[in-house]
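See below for the structure under consideration.
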Amino acid sequence: MHTNPALHPVVLVVEDLDLLRQSIQQILEDAEFLVLPAANAGQALELAQSCAGPINLLITKLHPPGMPGPDLAFHLRKRSPEMSVLYCSADPLAALEIPDPAEVVSSMLPRPFSKTRLLSRINTLLAAHTSP
């Protein structure tokens, strides 16, 4: 894991499937991101508290263990207001079950996804928050 968040964006990955979380972590670390891996919302909140700087991006499911993804994003944005969110789901229509589906749908990456597609979406989301 990289140790300089000033040079490498910080990505919090919340995924309960170990192999998928490890795969995403490896892809992101290879692309020079600092990755905070969590298996559930509780771990994610703990990691966020221990992170020295802001979290630039949250990658999560719509319904990770512990709390809905949009609720987790809401809590994390109290500490990192500029944080982007990328929701990954095998069922993108599940976003319609969320109280405010507009943000979720615009931040959705359907599963399965390729390494190229994942990095493209991440770079697009991060660029949108760093542009003037």
Condition met for residue 20 (closer than 20 Å to residue 91 by Cβ and in contact with a Leu (Cβ under 8 Å, 6 or more places away or on another chain)): no
Taking first residues from segment 63-78 that are touching a residue at least 24 places away in the same chain (Cβ under 8 Å) and second residues anywhere that are part of a helix (DSSP H, G or I) and of a type in the set (S, T, N, Q), the pairs with Cβ under 9 Å that are 6 or more apart or on different chains are 66/43
Which of the residues that make up segment 11-34 are outside any helix (DSSP H, G or I), more than 18 Å from residue 69 (Cα to Cα) and touching a strand residue (DSSP E or B) at 6+ places or on another chain (Cβ under 9 Å)? 33, 34
Examine segment 113-124 for a residue that is modelled with pLDDT of 90 or more, among the polar types (S, T, N, Q) and in contact with a strand residue (DSSP E or B) (Cβ under 6 Å, 6 or more places away or on another chain), and state whether such a residue exists. no
Can you name the residue in segment 35-58 that is open to solvent by less than 50 Å² (accessible area, probe 1.4 Å) and either touching a residue at least 60 places away in the same chain (Cβ under 8 Å) or assigned to a loop (DSSP other than H, G, I, E, B) (or both) and is also nearest to residue 80 (Cα to Cα) among such residues? 55
Residues being in contact with a Phe, Trp or Tyr (Cβ under 9 Å, 6 or more places away or on another chain) and part of a loop (DSSP other than H, G, I, E, B): count how many of those fall in segment 59-76. 2
Look at residue 99 and say whether it is of a type outside the set (Lys, Arg), open to solvent by 50 Å² or more (accessible area, probe 1.4 Å), over 14 Å from the mean Cα position of the chain (by Cα) and modelled with pLDDT of 85 or more. no
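The values are calculated or read from the model by the stated rules, or taken from the named source; none is laboratory data. Remember, predicted model here, so these are calculated numbers, not experimental data. Every residue, glycine as well, gets a Cβ built from its backbone with ideal geometry; the counts of neighbours run over all protein chains shown. These accessible areas exclude ligands, DNA and RNA; they are computed on the full protein's heavy atoms, side chains included. Shrake-Rupley method; radii C 1.70, N 1.55, O 1.52, S 1.80 Å.
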